[in-house]
1. Greater than 25 Å separation of Cα atoms is the criterion. Which listed pairs, LYS363/LYS387; LYS364/LYS494; LYS364/LYS595, meet it?
2. Using the heavy atoms of the protein chains alone and a 1.4 angstrom probe, what is the accessible area of segment 591-641 per residue in square angstrom?
3. Report the local net charge at LEU559: Lys and Arg +1, Asp and Glu -1, summed over other residues whose C-beta lies under 11 Å from its C-beta.
4. Find which of VAL567, ILE510, LEU583 sits farthest along the positive direction of the dipole of segment 498-646, computed with +1 on the beta-carbon of Lys and Arg, -1 on that of Asp and Glu, about the Cα centre.
5. Please compute one quarter of the surface area of the Cα convex hull for segment 388-502 and express it in square nanometres.
6. 5 Å is the cut-off here: which amide hydrogens, built 1.01 Å from N in the peptide plane, fall below it relative to CYS223, excluding neighbours closer than 5 in sequence?
7. Which value in nm describes the separation of the simple spin-label points at ASP460 and LYS549, placed 7 Å from the Cα toward the beta carbon?
8. Stretched out fully, how many nm does the piece from LYS636 to THR528 gain, at 0.36 nm a residue minus the Cα gap?
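The values are calculated or read from the model by the stated rules, or taken from the named source; none is laboratory data. In this text the structure is predicted, and so the values were computed from the model without any measurement. Every residue, glycine among them, receives a Cβ derived from its backbone with ideal geometry; neighbour counts consider all protein chains shown. With ligands, DNA and RNA removed, areas are computed over all heavy atoms of the protein, side chains included. Shrake-Rupley method; radii C 1.70, N 1.55, O 1.52, S 1.80 Å.
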Amino acid sequence: RRPGLREPEGGGQRAAAMSVQVAVPAVELKELGGPRDKGMAAPSRPAEPGPLPPPGLGVAGAPCPLPAPAGEREAAAAAPAAGCGAERPPVSGCPGLPAAGLGLPPGAAKVPQASAMKRSDPHHPQHRHRDGGDGGAGREALVSPDGTVTEAPRTVKKIQFADQKQEFNKRPTKIGRRSLSRSISQSSTDSYSSAASYTDSSDDETSPRDKQQKNSKGSSDFCVKNIKQAEFGRREIEIAEQEMPALMALRKRAQGEKPLAGAKIVGCTHITAQTAVLMETLGALGAQCRWAACNIYSTLNEVAAALAESGFPVFAWKGESEDDFWWCIDRCVNVEGWQPNMILDDGGDLTHWIYKKYPNMFKKIKGIVEESVTGVHRLYQLSKAGKLCVPAMNVNDSVTKQKFDNLYCCRESILDGLKRTTDMMFGGKQVVVCGYGEVGKGCCAALKAMGSIVYVTEIDPICALQACMDGFRLVKLNEVIRQVDIVITCTGNKNVVTREHLDRMKNSCIVCNMGHSNTEIDVASLRTPELTWERVRSQVDHVIWPDGKRIVLLAEGRLLNLSCSTVPTFVLSITATTQALALIELYNAPEGRYKQDVYLLPKKMDEYVASLHLPTFDAHLTELTDEQAKYLGLNKNGPFKPNYYRY
């Protein structure tokens, strides 16, 4: 046995505690930035040698091919413990395992931890392993004499190599600052709303309302983040056009007829590249348009700039405040010498604003086209109360909008939004989806396909039965709120997730909304002094409880996919074409065809929208023979289903 070291009890028995031993190349430890760099000797601390592996053993108890010379073994026993910068002779059976690299279990001995390493010559005979190479790559480690791995030091140190001096803890001295506008949140002064810009200019913090901007034609009838981004936005619009075949076909077919000549359309929708294609199509069909955003986070600044450069009065930017939101809508409506005669709305905010501020405008408005659940619900309320004074078209419940935009679009965009904001893996995660309408069906299908465990909450027994037949467990939110990893709302209702639910959620639970309005999650209840808001990244906030628990709130409870990611352009082509046809129908309808009520898009138009998209897939429809058409009692050219048919 080695001089000065006591063999474990039991004579020649191996140390039972020895579970893992790792052979590493000899290293020289060097403290960077400490007293030694200033010419001062580092204070050494005495080390209490613990039990070591029996001599002659290397990795996992195998005989070491290079037994330590006797002189080195004696020196190892006699040498005093050195500081972390001093070299010590090897004390293990293998010269490749230096004593300086040995760590001890916490509290067992006071051995200085190595905070920096410098490679020694790997070609030195004592540093070669059995294969003759340097053998150190991928096997360097610090282990204790009994074979357990030492705990890494908590402090961040500098690492320096002899052949390549490099400090890994250096940080860039200058970091480009993204444009962030203040959030409406009052619960934390560090909370920001995302208004990310492509530029790093010094005026990014300036509100667009305070800027004086003009396009290349000299017009200033717009308000966007930065008109200089128009070129980037134009490229995005051109890309979107390639994936919107029906809208482009409609533009080409109807451009000569100008079915919207004389129409003055005021719109309030998400301002994206796809919306830009719709607006330019309406313009090509003869309409004049003024536009605002229906969501404070969904506007693409560069697209808004491109529209403004093309001459469209657009009032929107990403990261608007609540005051900005209503100001932009008012600038669209309240303009001297121009009064709208058609409304295209998404959510009902524009319609509500005109009813509230400018009710006399409805004397000249021919109709309203609404595409969201929330907006349609508002229209039906107005109709029931007898306050709806113009015809309205319910685009949301048309088959092409409901099945494709709500179902297939959300089936893809829910994953995109969650991935971009949280970088999470879905396999094995427990998710509760509130609502099993078309949006809920799409979300559940996507998450199930990714391996998530999905629960569903629902008030409608028919939708609830569909969820059960699709393999999802129907629960009440209170039953699973403590265990789920993700909560997704898509009901169109209010206070679906209350403060009580939020208080009971597990740490790091992700909360988001796929419905149009931000009413489904009670975000207002979280803006209290005892809760801390911490902005993690764009559209991602940590809401921290006093005990340290936190939830991850996405887009402050607003629409996830259009606030945090994008949606498939092809699906939006279906919706935009439906909106365009609805506007053409209401604007050109003879007086008396539509009364002051809410209508569904005619079935024939739904089928026409679908047929415009089929060539993209090289799809070929089967045609009815005269005999077949007579047998079914149908026209050969449609419509093929009655209005009561459920797709």
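1. LYS364/LYS494
2. Details: 4020 Å² over 51 residues.
Normalised by residue count, the accessible surface of segment 591-641 is 79 Å².
3. Details: positive: ARG558; negative: ASP346, GLU520, GLU556.
Net local charge, LEU559 excluded: -2.
4. So the residue furthest toward the plus end is ILE510.
5. Working: hull surface 35.1 nm².
Taking the Cα atoms of segment 388-502, their convex hull projects to 8.8 nm² on average.
6. Long-range HN contacts for CYS223: VAL314, PHE315, ALA316.
7. 3.3
8. Values: separation 108, 0.36 × 108 = 38.88 nm, distance 6.30 nm.
Stretched out fully, the LYS636 to THR528 stretch lengthens by 32.6 nm.
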